[in-house]
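All remarks here apply to the structure that follows.
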Amino acid sequence: MISAKPLSGKIALITGANRGIGLAMARLFASAGATVIMNSRTVGSLDALAAGISAEFGVPVQPSYFDVTSAEAVKAGFMAVHKEHKRLDVLVNNAGILRDALIGMAPEALIDDVIATNIKGVILCSQMAARMMARNKSGSIISLSSIIGRVGNEGQSVYAASKAAVIGFTYSLAKELGPQNIRVNALAPGFIDTDMIKAVPAEKHAKIVGNIKMGRLGKAEDIAQAALFLASDASAYVTGQVLGVDGGMLV
Ligand SMILES: NC(=O)c1ccc[n+]([C@@H]2O[C@H](COP(=O)([O-])OP(=O)(O)OC[C@H]3O[C@@H](n4cnc5c(N)ncnc54)[C@H](OP(=O)(O)O)[C@@H]3O)[C@@H](O)[C@H]2O)c1
């Protein structure tokens, strides 16, 4: 049976939810009946968005402001969720940054920022989520990897390293948390039409689209639909997987 509200009764936290893929997920999860906790590091950026989504879909949608790179801030954010809801069913590690640089030109600050956001942040949030989910012997952790973490890209070696690390982390955590009925999966989007790829030069953009078998960039909603599957009980027996959502870039 396919439920019209597959996330009804579930509490879902999405990091980096004030725009792009994270925002699309927040909307879709709310439409699917979840209580959604939208995270951003930019204080105030979620207040109107969360209120609007809540009014549209009739579910609680709450802003939660913390920077995923700070262990202290992450802990405080998750403790607040625990205090109010006493449980967490879904974590989406969506917050991420892309910083291009040829390897000889990559400053230490760029390396630190990308690693801190894209993998340390994923580890810190998953650690807190796993503790909460273990109490209920149930949960789904979904992390955003990337096609770049699978096949690499010139000028994106640091980003690729961080996104490949997400895959290794996902496999390990799936093994560790499976016995507690906590599922751990990753999404590997191709090229998705968000702010993140706005800086791609026109000729490179055309070349990328030329490599997409389905002939178009992905939409944030395409990734949100895949996240909904991994968040819901429709994927109750799916763990330790990396789901490519890339319009056929790898076939
Ligand atoms: N777009 C693509 O083609 C593509 C492809 C593959 C994978 N992905 C991955 O998908 C995820 C979402 O990407 P997107 O395209 O939606 O990117 P985006 O539009 O640039 O949004 C990134 C989000 O992450 C947040 N963020 C960044 N650093 C943060 C931090 N330290 N703490 C909390 N939030 C933070 C940003 O918040 P601020 O507004 O405060 O900066 C923003 O909400 C990323 O992990 C990305 O690597 C994207």
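The values are calculated or read from the model by the stated rules, or taken from the named source; none is laboratory data. Just so it is clear, the structure is predicted and the values come from calculations on it, not from any experiment. Because the Cβ atoms are built from the backbone with ideal geometry, glycine has one as well, and the counts that use them run over all protein chains shown.
With the requirement that a residue be under 15 Å from THR42 (Cβ atoms) and charged (D, E, K, R), what does the range 8-26 give you? ARG19, the sole residue that qualifies. Please work out which one of (1) surrounded by fewer than 23 Cβ atoms within 10 Å (Cβ to Cβ); (2) at pLDDT 95 or above; (3) within 15 Å of the ligand (Cβ to nearest atom) is the condition PRO107 fails and give its number. Among (1) surrounded by fewer than 23 Cβ atoms within 10 Å (Cβ to Cβ); (2) at pLDDT 95 or above; (3) within 15 Å of the ligand (Cβ to nearest atom), the lone unmet condition for PRO107 is (3).
Within the range 80-90, restricting attention to residues that are assigned to a helix (DSSP H, G or I) and touching a residue at least 24 places away in the same chain (Cβ under 8 Å), which residue is nearest to the ligand (Cβ to nearest atom)? This residue is VAL81.
For the range 168-180, the set of residues classified as surrounded by fewer than 19 Cβ atoms within 10 Å (Cβ to Cβ), polar (S, T, N, Q) and under 20 Å from the mean Cα position of the chain (by Cα) consists of SER172 only.
A residue that is at positive phi, at pLDDT 95 or above and surrounded by fewer than 22 Cβ atoms within 10 Å (Cβ to Cβ) occurs somewhere in the range 212-227. Checking each residue in the range 139-157 for being of a type in the set (Val, Ile, Thr) and in contact (Cβ under 8 Å) with a residue 60 or more places away in the chain picks out ILE142, ILE147, VAL151.
Here ILE37 does not qualify as under 12 Å from ALA17 (Cβ atoms), more than 14 Å from the ligand (Cβ to nearest atom) and either within 20 Å of the chain's Cα centre (by Cα) or among the charged types (D, E, K, R) (or both). Taking the listed residues THR42, THR15, the one that is within 8 Å of the ligand (Cβ to nearest atom) and surrounded by fewer than 22 Cβ atoms within 10 Å (Cβ to Cβ) is THR42, with no other qualifying.
Residue count for the range 127-144 satisfying the condition of being touching a Gly at 6+ places or on another chain (Cβ under 9 Å) and within 11 Å of the ligand (Cβ to nearest atom): 1. A search for C-beta distances below 7 Å between a residue of the range 172-199 that is farther than 20 Å from LEU228 by Cα and any residue that is near the ligand (Cβ under 7 Å from one of its atoms), counting only pairs 6+ apart in sequence or on different chains, returns ASP195/ARG19; ASP195/GLY20; MET196/GLY20; MET196/LEU98; ILE197/PHE191. Just need a number here: residues in the range 110-133 that are surrounded by fewer than 16 Cβ atoms within 10 Å (Cβ to Cβ) and closer than 16 Å to LEU173 by Cβ. Number of matching residues: 2.
Taking residues in the range 237-251 that are in contact (Cβ under 8 Å) with a residue 60 or more places away in the chain, and partners anywhere that are surrounded by 16 or more Cβ atoms within 10 Å (Cβ to Cβ) and basic (Lys, Arg), the pairs with Cβ atoms closer than 7 Å and at least 6 places apart or on different chains are THR239/ARG183.
For beta carbons closer than 6 Å, sequence separation of 6+ or different chains, a first residue in the range 13-30 that is more than 19 Å from PHE66 (Cβ to Cβ) and a second that is within 7 Å of the ligand (Cβ to nearest atom) and among the aliphatic types (A, V, I, L, M), the qualifying pairs are ALA24/ALA220. Can you say whether LYS207 is within 16 Å of the ligand (Cβ to nearest atom), crowded, with 22+ Cβ neighbours inside 10 Å and either charged (D, E, K, R) or over 20 Å from the mean Cα position of the chain (by Cα) (or both), as far as the supplied structure shows? No, not satisfied.
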